[in-house]
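I'd like to ask some things about the structure below.
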Amino acid sequence: MQRGTHEALPDERNENVLVYINGKFYPREKAKISVFDSGFLVGDGVWEGIRLHDGKFAFLERHLDRLFEGARSIDLEIGMTREEISDILYETVRRNNMTTDVHVRLMVTRGEKKTPSQDPRLTVGGPNIVIIAEHKVPDPEVKERGIALFTVAIRRPPPDTLDQKLNCHSKLHEVMALIQALKAGADEALMLDPNGTVATCNATNFFIVRHGEVWTSTGQYCLNGITRQMVIELCRANGIPVSERSFSLTDVYGAEEAFVTGTFGGITPVVSVDGRKIGSGEPGDITGQLSELYRAAVAGAVS
């Protein structure tokens, strides 16, 4: 059975969550945005996925840094301060009686258009801000068995086409990449950059371990993932050699270990790429060590 890094255990409580939209809360079935919304029409917006642990959002300041940097990059005025965004995030989980194992999607679009168009001058009113909080525990089976990746034909575009550091609503190339990987029988997609070297996965950041050293891509063609950066920092703080570099699929196929990182799943082992077993075909020791270090970092961040 194909299972990706965003696979969650079912939770009936999510049927009754309250969704925040522009200062008000709505039951899930009544949470609506206009068909003239910029995000719906042309994918014009930025977003963050944030985890709530023990009553606190993990690495919230880093997420807010990325949100506001992305908004500045696309010239979107959020209309709220960092403190106000933080307040409505906490108010959303408070209204839903949530304390831990919660995943929150914070979305900001340019707002409604007076007519269907990509032109930002046709926006009327302010941005639309939506927060969806759900009870979400990652499926432990995914981490236990690891995932299989397939290298797809769809490349990560260069910064002058669509800067991949942007956590924006325009994700169609990633969706198409994942569909291609699923049809090939894999769990998720591995994507190359315009130069043919390894970039990232469709929704997570990719790492390999070679000769005891952790490698990840240069970061020029992938999202500046919060968990990705945490893993790099944890390696440096714990004496694990790590580098951001260009590497090829040949390097991947010969790796002893591989894993992916993301806010929802944390660190997830990769056991095969393009039908080739990675290392022993089981989650590796360094992957396990980093998983423990990351769990401790999350616990420290919310203590």
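The values are calculated or read from the model by the stated rules, or taken from the named source; none is laboratory data. Every value quoted in this text rests on a predicted model; they were computed, and no experiment measured them. As a convention, Cβ positions derive from the backbone with ideal geometry for all residues, glycine included, and neighbour counts pool all protein chains shown.
From the list L41, L76, L9, exactly one residue is surrounded by fewer than 21 Cβ atoms within 10 Å (Cβ to Cβ) and within 24 Å of S170 (Cβ to Cβ). Which is it? So that I can check it myself, show each step before the final result.
On the way: L76 fails: surrounded by fewer than 21 Cβ atoms within 10 Å (Cβ to Cβ); L9 fails: within 24 Å of S170 (Cβ to Cβ).
After ruling out the rest, the residue left standing is L41.
Please count how many residues of segment 193-215 are closer than 21 Å to H6 by Cα and in a strand (DSSP E or B).
7
Taking segment 151-164 as the search range and keeping residues that are surrounded by fewer than 18 Cβ atoms within 10 Å (Cβ to Cβ) and either charged (D, E, K, R) or not assigned by TED's automatic domain parsing to the domain that holds A203 (or both), which one is nearest to F68 (Cα to Cα)? Steps first, please.
Kept after step one, since they are surrounded by fewer than 18 Cβ atoms within 10 Å (Cβ to Cβ), are these residues of segment 151-164: 153, 155, 157-163.
Cutting the leftovers down to either charged (D, E, K, R) or not assigned by TED's automatic domain parsing to the domain that holds A203 (or both) gives us 155, 160, 163.
On the way: R155: 27, D160: 20, D163: 15 Å.
Taking the candidates together, the pick is D163.
Between a first residue in segment 94-113 that is assigned to a loop (DSSP other than H, G, I, E, B) and a second residue that is of a type in the set (K, R), which pairs have beta carbons less than 9 Å apart while being 6 or more apart in sequence or on different chains?
Close Cβ pairs (under 9 Å, with a partner that is of a type in the set (K, R)) amount to N96/R13; N97/R13; M98/R13; D101/R51; D101/K136.
Determine the pairs where a residue that is assigned by TED's automatic domain parsing to the domain that holds R66 and among the charged types (D, E, K, R), located within segment 23-48, has a partner that is assigned to a helix (DSSP H, G or I) and surrounded by 16 or more Cβ atoms within 10 Å (Cβ to Cβ) with Cβ atoms under 7 Å apart, the partner being 6 or more residues away or on another chain.
Note: pairs meeting the criteria are D44/S38; E48/H63; E48/R66; E48/L67.
Would you check which residues across segment 1-22 are more than 30 Å from P127 (Cα to Cα) and without any contact (Cβ under 8 Å) to a residue 60 or more places away in the chain and list them?
M1, P10, E12
Filter segment 243-262 down to the residues that are farther than 22 Å from K183 by Cβ and surrounded by fewer than 20 Cβ atoms within 10 Å (Cβ to Cβ) and list them by number.
Within segment 243-262, S243, E244, R245, S246, F247, S248, T250, D251, G254, E256 qualify.
Is there any pair with a first residue in segment 115-143 that is assigned by TED's automatic domain parsing to the domain that holds R105 and more than 13 Å from F264 (Cα to Cα) and a second that is part of a loop (DSSP other than H, G, I, E, B) and among the hydroxyl-bearing types (S, T, Y) whose Cβ atoms are under 7 Å apart and which are 6 or more apart or on different chains, and what are they?
Qualifying pairs under 7 Å: L122/T115.
Restricted to segment 146-163, and to residues that are out of contact with any Asp or Glu (no Cβ under 9 Å at 6 or more places or on another chain) and of a type outside the set (D, E), which residue is nearest to E48 (Cα to Cα)?
So the residue we want is L162.
OK, next. In segment 216-267, which residue that is part of a loop (DSSP other than H, G, I, E, B) and touching a residue at least 60 places away in the same chain (Cβ under 8 Å) is nearest to Q2 (Cα to Cα)? Before you say what the answer is, go through the steps one by one.
Our first condition is that a residue be part of a loop (DSSP other than H, G, I, E, B); within segment 216-267, this holds for 217-225, 238-241, 245-248, 254-256, 263-265.
Then keep just the ones that are touching a residue at least 60 places away in the same chain (Cβ under 8 Å); that gives 220-222, 224, 263-265.
Working: Q220: 29, Y221: 26, C222: 24, N224: 26, T263: 20, F264: 18, G265: 16 Å.
For segment 216-267, the residue satisfying everything is G265.
When the residues of segment 268-303 are narrowed to those that are of a type in the set (A, V, I, L, M, F, W, C) and assigned to a helix (DSSP H, G or I), which ends up surrounded by the most Cβ atoms within 10 Å (Cβ to Cβ)?
L290
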